[in-house]
């Protein structure tokens with residue numbers, strides 16, 4: 001008879017999640033069974049919870065959601081190398097590539113054409129246990145706090161977005177000061193940005209942005225904010241680099257208004273619907289370089305993230321504003337919806 005475990009399941013095409021009892025997974029060949037200790041709630045999870053247009057296009061319920069986690073190795077299936085043993089603390093890369101295609105074999109597994117993302121395309125980590133290919137695991141150094149280890153995934157998103165173009169000695173703007181945007185502030189500062197400017201409507205997040213390295217912070221709801229921001233840039237021509245983290249239609253348009261001719265725009269935020277853009281005016285005639293950012297470079301970004309932490313370049317703990325037992329998941333999602341939380345964690349320790 002199968003063992004069962006608690007899990008947060010997207011059962012059908014409607015708002016919310018279901019806390020359910022589901023069969024405990026069994027590791028197959030080359031897979032490792034992980035006992036989940038802590039998970040982070042991502043903006044993607046909020047999209048799924050709300051069942052917005054993006055989630056409706058992307059997901060096929062039923063599915064255990066969640067992709068930010070840390071845990072402990074419980075068992076390994078046949079074929080594993082034994083590099084990971086029971087008791088090892090791990091996180092993991094949630095993009096599961098085929099390991100055979102051109103992209104996977106040239107260091108671009110995050111954009112493998114058949115990639116599966118845990119918690120989106122296959123069962124994720126919002127459960128007591130999860131299985132994952134051994135090659136996707138990341139061993140955690142003992143100096144890294146468990147709460148920080150649980151958010152390596154969004155930390156990696158921020159690192160990938162900042163490092164996708166040169167930032168040293170350049171002016172940088174970040175649109176959207178959620179957890180990833182705030183972490184990106186500190187990364188950009190540590191990587192030598194000349195200045196960091198943040199655009200964010202929420203007052204608490206604007207305040208946190210200053211403590212995370214931003215020199216200037218603007219509220220996009222205020223009249224004339226864009227002219228003031230552009231007026232603060234060298235020769236009033238715009239920012240060298242703009243990182244769009246909000247995923248809002250307005251934020252995406254603002255990114256191209258704020259970048260200088262010849263500058264760089266990196267797009268990480270996921271819009272919930274299609275976005276119309278004047279390509280000739282926003283990109284072509286301005287000579288702007290645009291990068292779409294998806295996940296992390298496997299595993300270059302993970303090493304960068306680890307080294308920034310080990311060298312004390314930044315502290316991620318201040319972005320973790322709320323912690324809940326997994327049974328209180330509805331309250332956890334509520335604080336995110338209401339804008340009260342930055343990074344919210346769920347604890348999956350034994351009851």
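When both bridge partners sit in the range 156-292, DSSP labels roughly 5% of those beta bridges antiparallel. Give the distance, in whole Å, between the Cα centre of the range 279-351 and the Cα centre of the range 211-256. Spelled out, the Cα-based centre of one part sits 20 Å from the other.
Taking every alpha-carbon pair under 8 Å whose residues sit at least 6 apart, the range 88-235 reaches a relative contact order of 15 percent.
Ordering 205, 24, 186 by the number of other Cβ atoms within 10 Å of each residue's own Cβ, fewest first, gives 24, 205, 186. Label-to-label distance for residue 139 and residue 19 is 3.6 nm, based on points extended 7 Å past Cα in the beta-carbon direction. Here the label points at residue 81 and residue 335, each 7 Å from Cα along the C-beta direction, are separated by 3.9 nm in the simple model. Taking other C-beta atoms within 10 Å as the exposure proxy, 272, 14, 211 rank 14, 211, 272 from fewest upward.
The shape of the range 227-341 comes out prolate: with a ≥ b ≥ c from the C-alpha gyration tensor, a/c is at least 1.5 and a/b beats b/c. Taken over the range 198-244, the percentage of Cα pairs per 5 Å bin, counting from 0 up to the bin with the maximum distance, is 5, 21, 28, 27, 16, 3, 0.
I need to check one value: relative contact order of the chain, counting alpha carbon pairs closer than 8 Å and at least 6 residues apart, in percent.
17 percent
Of the Cα atoms belonging to the range 156-292, the radius of gyration and Dmax stand at 13.3, 37 Å.
Listed by Cβ neighbour count within 10 Å, with the fewest neighbours leading, 68, 189 appear as 189, 68. If R0 is 22 Å, the Cβ-Cβ spacing of residue 303 and residue 98 corresponds to a FRET efficiency of close to 0.45. Annotation: the antiparallel percentage among DSSP beta bridges lying fully within the chain is about 55. Taking label positions 7 Å along the Cα-Cβ direction at both residue 88 and residue 56, the computed distance is 4.4 nm, reported to one decimal.
Just so you know, all these numbers are worked out from the coordinates, no wet-lab data involved. Bear in mind the structure is a predicted one, so any value in this text is a computation, not a measurement. No Cβ is skipped: glycine too gets one built from the backbone with ideal geometry, and neighbour counts run over all protein chains shown.
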